[in-house]
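Enquirer: Could you have a look at this structure, given as structure tokens, before my questions?
Derivation of every value follows stated rules applied to the coordinates shown; laboratory data play no part. What you see is a predicted model; the values in this text were computed from it and never measured. Cβ atoms come from the backbone with ideal geometry, glycine included; neighbour counts cover every protein chain shown.
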Amino acid sequence: MIAVAKKSLSEMILSRYDFHIRTPDQWMLLHVDGKIPGRRLTAFNVFRSNFPTNNKVPMLKKNRFKPVTAVAIACTVSLGLTGVVQAETTADGFVVNPKISKATLNQAAVAALPADIKEKGVLTIGGETTLPPYLYRDNDGITGIEADFMQALGQALGLRVKVINTDFGSMVIGLTSGRVDVAMSDFSDTPEREKQVTFVDYTKTGQQLIVAKGNPKNIHSVADLCGTTAGGPVGSLSLAIAQKQSDACTKAGKPAVNVQGYPSANASELALRTGRIDTMGIDYAIAANIVKSSGGKSELTGDLFEAGMHGAAVKTGNAQLAKALQLAFEGISKQGIDRQIVDFYGVSQMRIDTPVVNGMQPKN
């Protein structure tokens, strides 16, 4: 039986192998073994379009669609189709990962929370929601590695979690202005950032270079960037590394690195694919995901570099919230939920044994 997840069905229309399902707010096209512009489908997918929500269907006559009942839709089982089932989502818009355990309420962490957040009952988190596999939106809701950690945090703290899409360049500003309580989502802890905000680190990471297929500029490490064009998201660690290397290049009498900043990782990857930059450096999990989805147009090069940590950042001076987050992450770790998350996404090496505050401070 085809299920239209939790949406009332007001009208169904069938056209050969195209099932147009009219819901109160949108049309959904279930397309079977057919074509849509630029894409070939081998089974069927759901595509949503914003059509008028009145009862007028202007394309009805033109395409000779015929109204059918749910019985007719059920008959598609005989065509060997599987059902369309929307993933379960939380009230906060997160996709529920059935492979991840639910965190238990952490009373010590709750007790450490600032009074204003307790009163609101909501933790507002700023994070870039265009970064698969970390944090991104699909048709069902917010998902990814960070989404699973955010859900666990909310469960441990007994709070709703509100995510505000925030690019890297605005993370610190969002905290200092009070727009968000926490900034996290592939947010690297660095000594420079620790001067502005406080990090509670919960995973480790490293950077990776991506180049066009075949590596035409023969780039294998950061040292090879002299005279090339390197790009990355504005405010990202990768862009800071490229600029630092550019300074080293000029001091050594070599050509500088042409450093180009872009609004997001997606925009940086597009610049690489279109030849506007020669390479981009980015977190290795994101890098692997970009290459995997590039259709053979890009590849990883060299070894991991700039080992570091990812953290949930709070405004400097907000010791209460930092303590609450640290206790919550410790409880999540003791329950093994952090291991479940990183193992599920195939990045088990990201796990750390114990969450730490400002873990990138120089060791004396």
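Enquirer: From the cross-link list LYS102/LYS315; LYS118/LYS323; LYS204/LYS292; LYS99/LYS162, which pairs have alpha carbons spaced over 26 Å apart? Each step should come with its number before you reach the end.
Expert: Numbers: LYS102/LYS315 28 Å; LYS118/LYS323 14 Å; LYS204/LYS292 22 Å; LYS99/LYS162 22 Å.
In this structure, LYS102/LYS315 exceed 26 Å between Cα atoms.
Enquirer: Let's test the formula: R0 of 25 Å, r as the Cβ-Cβ distance of LYS195 and VAL110. What FRET efficiency results, to the nearest 0.05? Intermediate results must be reported in sequence, preceding the final value.
Expert: Details: r = 30 Å, r/R0 = 1.19.
Efficiency, from the Cβ-Cβ distance: 0.25.
Enquirer: What are the ³J(HN,Hα) values, in whole Hz, obtained from phi via the Karplus relation 6.51 cos²θ - 1.76 cosθ + 1.60 with θ = phi - 60°, for each residue of the range 138-145 in sequence order, with x given for Gly and Pro?
Expert: 10, 5, 8, x, 8, 9, x, 4
Enquirer: Between GLU119 and PHE344, what length comes free when the chain is fully extended (0.36 nm per residue of separation minus the Cα-Cα distance, one decimal in nm)? Let's see the in-between values first.
Expert: Details: separation 225, 0.36 × 225 = 81.00 nm, distance 3.42 nm.
That pair, GLU119 and PHE344, stretches by 77.6 nm at full extension.
Enquirer: If you average the C-alpha positions of the range 167-225 and of the range 104-156 separately, how far apart do those two centres end up, in angstrom?
Expert: Between the Cα centre of the range 167-225 and that of the range 104-156, the gap is 19 Å.
Enquirer: Fewest first, what order do SER348, SER246 take by the number of other Cβ atoms within 10 Å?
Expert: On the way: SER348 11, SER246 21.
By the 10 Å Cβ count, ascending: SER348, SER246.
Enquirer: Order of PHE305, PHE168 from fewest to most other C-beta atoms within 10 Å?
Expert: Numbers: PHE305 16, PHE168 26.
Starting with the residue having the fewest Cβ neighbours, the order is PHE305, PHE168.
Enquirer: Cut-off is 10 Å between beta-carbons; in what order do ASP303, ASP92 appear when sorted fewest neighbours first? Don't skip to the end; give the middle numbers.
Expert: On the way: ASP303 11, ASP92 18.
Sorted ascending by nearby Cβ count, the order is ASP303, ASP92.
Enquirer: Please list 3J(HN,Hα) in residue order for the range 281-296, calculated via the Karplus relation 6.51 cos²θ - 1.76 cosθ + 1.60 where θ = phi - 60°; whole Hz, with x for glycine and proline.
Expert: Per residue, the Karplus-derived 3J(HN,Hα) values read x, 7, 3, 5, 5, 5, 4, 4, 5, 4, 5, 4, 9, 7, x, x Hz.
Enquirer: For the range 110-119, take each phi angle, set θ = phi - 60°, evaluate the Karplus expression 6.51 cos²θ - 1.76 cosθ + 1.60, and give the result in whole Hz per residue in order, putting x for glycine and proline.
Expert: Values per residue, Gly and Pro as x: 4, 5, 7, 4, x, 4, 5, 6, 4, 5 Hz.
Enquirer: Using Stokes-Einstein with the Kirkwood hydrodynamic radius over Cα pairs, what translational diffusion coefficient do you get for the range 206-307 at 10 °C and a viscosity of 1.306 mPa s, in µm²/s rounded to a whole number?
Expert: Rounded, D is 121 µm²/s.
Enquirer: Along the Cα→Cβ direction, 7 angstrom out, place labels at ASP247 and ALA267. What is the inter-label distance in nm?
Expert: Calculated label separation equals 2.5 nm.
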